[in-house]
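Scroll down for the structure; my scribbles are underneath it.
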Ligand code: GLN
């Protein structure tokens with residue numbers, strides 16, 4: 001099976017390295033014809049407005065929508081999460097183009113600027129039950145977004161407990177936000193698993209592909225347990 005990583009900008013190389021460590025044929029995707037035949041796609045972190053502009057310039061939106069509506073698994077990390085969200089807040093006047101499909105509202109820079117980047121041990125019970133290992137994972141948040149609202153068909157995989165005063169003005173009063181979700185063929189994380197040595201998120205995504213990703217079938221695929 002070949003898995004693509006959208007390689008317009010951002011941390012695509014790091015995802016490629018993780019996928020190759022797991023023995024997967026990992027492909028950089030810049031043009032729409034490179035999506036053909038892929039079993040899944042990762043949309044990396046970076047800068048979501050720049051990524052959207054480059055995707056528009058390369059005429060990728062229709063092909064990406066088709067890929068997603070065909071039920072092929074897509075995983076967005078950080079800027080990739082913003083890209084997949086149906087609704088974004090905290091965006092500049094005029095907005096930015098979103099691929100959508102993930103029924104949630106994401107606050108684009110919920111945790112603030114680069115200076116407010118941080119790492120933590122995040123509790124993810126479903127990661128442990130699905131992929132084994134600890135109930136927490138090291139989560140790297142870089143100018144990170146957060147999900148402030150989800151639709152009923154979205155499975156919440158991880159929540160972040162907010163410290164007093166940590167929420168931006170529009171979200172004052174919240175005591176937690178959502179930072180990892182799954183909805184049908186889509187997985188999204190507000191943080192960067194590709195910057196850690198824990199490959200369980202990549203395995204979880206590969207297993208979504210192998211399990212059929214709610215529509216996509218990969219003939220001969222086996223569950224990744226290594
Ligand atoms: N908040 C950034 C954006 O709006 C995303 C940051 C990241 O991907 N590390 O694009």
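The values are calculated or read from the model by the stated rules, or taken from the named source; none is laboratory data. All values derive from a computational prediction rather than experimental measurement. Here the Cβ is made from the backbone with ideal geometry for all residues, glycine too, and neighbour counts use every protein chain on show.
Considering 137, 78, the condition of being under 19 Å from residue 208 (Cβ atoms), within 10 Å of the ligand (Cβ to nearest atom) and surrounded by 22 or more Cβ atoms within 10 Å (Cβ to Cβ) is satisfied by 78 alone. For beta carbons closer than 6 Å, sequence separation of 6+ or different chains, a first residue in segment 72-84 that is without any contact (Cβ under 8 Å) to a residue 40 or more places away in the chain and a second that is more than 9 Å from the ligand (Cβ to nearest atom) and not in a helix (DSSP H, G or I), there are no qualifying pairs.
Taking first residues from segment 42-57 that are within 16 Å of residue 74 (Cα to Cα) and in contact (Cβ under 8 Å) with a residue 12 or more places away in the chain and partners that are within 7 Å of the ligand (Cβ to nearest atom) and assigned to a loop (DSSP other than H, G, I, E, B), the Cβ contacts under 6 Å between residues at least 6 apart in sequence or on separate chains come to 44/10; 45/10; 45/78; 45/192. Against the criterion of being out of contact with any strand residue (DSSP E or B) (no Cβ under 8 Å at 6 or more places or on another chain) and closer than 24 Å to residue 191 by Cβ, residue 91 qualifies. Taken together, the residues in segment 112-126 that are closer than 30 Å to residue 65 by Cβ and modelled with pLDDT of 95 or more amount to 1.
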